[in-house]
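Only one structure is covered here, and it is reproduced in the block below.
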Amino acid sequence: MKISLTKRYRFAASHRLYTPRLSEAENKRVYGKCSNAYGHGHNYVVEVTVTGPVDPETGMIANVGELDPFVQREVIEPFDQRFLNEEVPEFREQVATTENVCREIFRRLKSFPSAKLERVRVEETSKNSFEIEADVGAFDEVRVSRGATTQ
Amino acid sequence: MEGAGLPGKDRMIRVTRKVEFSAAHFYHNPNFSADENRRVFGKCNNPHGHGHNYVLEVTIAGEPDPTTGMVLDLKELKDILETEVMERMDHRHLNYEVPELTGQIPTCENIAAVIWKLLEPKIKSGKLDRVRLYESPELFVDVNAGNGARA
Ligand SMILES: [Zn+2]
């Protein structure tokens, strides 16, 4: 029997999908509306899943009272109400796609001391979500799922 | 990993049924001092208890029967959930009224594990694949067999 605990968090941030490695025209072609120079924003939802033995003394895999402030400090505070491209140093080097945001969040949460980080899932909108799982092969693989396009 | 050693994996279907129950609980470990109890369990230590609307999702995996086209009879699953979960836990105080939880802190982890153990032997067609218990829309626990059966 394997047990995991998942907690959902939220932050709102803006980003722009643009890479200096491509020409202006190519950026437009690849990223479409998302390359708009002024940026745009999302209400992101972050699902954090941890796993490990349930401590018989507390009945818990991890105390949410420890997980909450950890996620708050590592992710929510630095990301919430920010322009990701400029204000989160890691996205000066790489495009602030939600694949990369998901991977960066995973990297930041990996050191959670009380349980093993198993999965991070980021909803960019209610239609698009991205998830990354620990130890999938040699690298942490990002999976993308998109809802049916209705507009 | 694609289908490795799992013949018929592409024919396997997962069926999920959802039920909701409301119950009261509080967290208290008699081995801890009053201070420790408050520090570890926070507000959940309030001896008067508090409650949740739990949402339980039970997933059964199997191959549909060629005659009925069903993995299992959902009516049967509904009855099992009624007997094993609803009658035991709905509108109950989890600290006092559920013998399976005696001696355990009634956390989401422990409740979900008890539900897994109650349901697993009752599922005769298909196999219990996952128990997901939401304590709130923001917090849930997953239990699965843990032998790599489910990614
Ligand atoms: Zn509670």
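Here are the numbers for this structure:
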quantity: Near pairs, Cβ below 7 angstrom, 6+ apart or cross-chain, from region B:23-39 (within 9 Å of chain A (Cβ to nearest Cβ)) to any residue that is open to solvent by 60 Å² or more (accessible area, probe 1.4 Å); calculated: B:Asn29/A:Glu57; B:Asn31/A:Glu57
quantity: Residue count, region B:93-116 (criterion: aromatic (Phe, Trp, Tyr) and at the interface with chain A (Cβ under 7 Å from one of its Cβ atoms)); calculated: 1
quantity: Where B:Val131 falls short, out of the listed (1) within 16 Å of the ligand (Cβ to nearest atom); (2) open to solvent by less than 10 Å² (accessible area, probe 1.4 Å); (3) within 18 Å of A:Arg119 (Cβ to Cβ); calculated: (1)
quantity: Criterion: closer than 23 Å to A:Glu57 by Cα, away from the ligand (no atom under 14 Å from the Cβ) and open to solvent by 90 Å² or more (accessible area, probe 1.4 Å) - qualifying residue of B:Asn31, B:Asn37; calculated: B:Asn31
quantity: Single condition B:Pro66 does not satisfy, out of (1) within 16 Å of the ligand (Cβ to nearest atom); (2) over 21 Å from B:Val141 (Cα atoms); calculated: (1)
quantity: Count of residues meeting criterion [crowded, with 17+ Cβ neighbours inside 10 Å and either part of a strand (DSSP E or B) or of a type in the set (Ser, Thr, Tyr) (or both)] in region B:43-75; calculated: 8
quantity: Within region A:1-112, helices (runs of 4 or more DSSP H) holding 1 or more residues that are open to solvent by 30 Å² or more (accessible area, probe 1.4 Å) and within 14 Å of chain B (Cβ to nearest Cβ); calculated: A:64-71
quantity: Residue list for region B:105-127, restricted to those being open to solvent by less than 40 Å² (accessible area, probe 1.4 Å), more than 14 Å from the ligand (Cβ to nearest atom) and more than 11 Å from the chain's Cα centre (by Cα); calculated: B:Ile123, B:Gly126
quantity: Where B:Arg88 falls short, out of the listed (1) closer than 17 Å to B:Thr16 by Cα; (2) away from chain A (no Cβ under 13 Å); (3) among the charged types (D, E, K, R); calculated: (1)
quantity: Members of region B:40-53 that are near the ligand (Cβ under 9 Å from one of its atoms) and without any contact (Cβ under 8 Å) to a residue 12 or more places away in the chain; calculated: B:Lys43
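The values are calculated or read from the model by the stated rules, or taken from the named source; none is laboratory data. Predicted model, so just to flag it, every value in this text is computed and none were measured. Cβ: placed from backbone, ideal geometry, glycine included. Neighbour counts: every protein chain shown. Ligands, DNA and RNA are stripped out before the accessible areas are found, and what is left, the full protein with its side chains, is counted by its heavy atoms. Shrake-Rupley method; radii C 1.70, N 1.55, O 1.52, S 1.80 Å.
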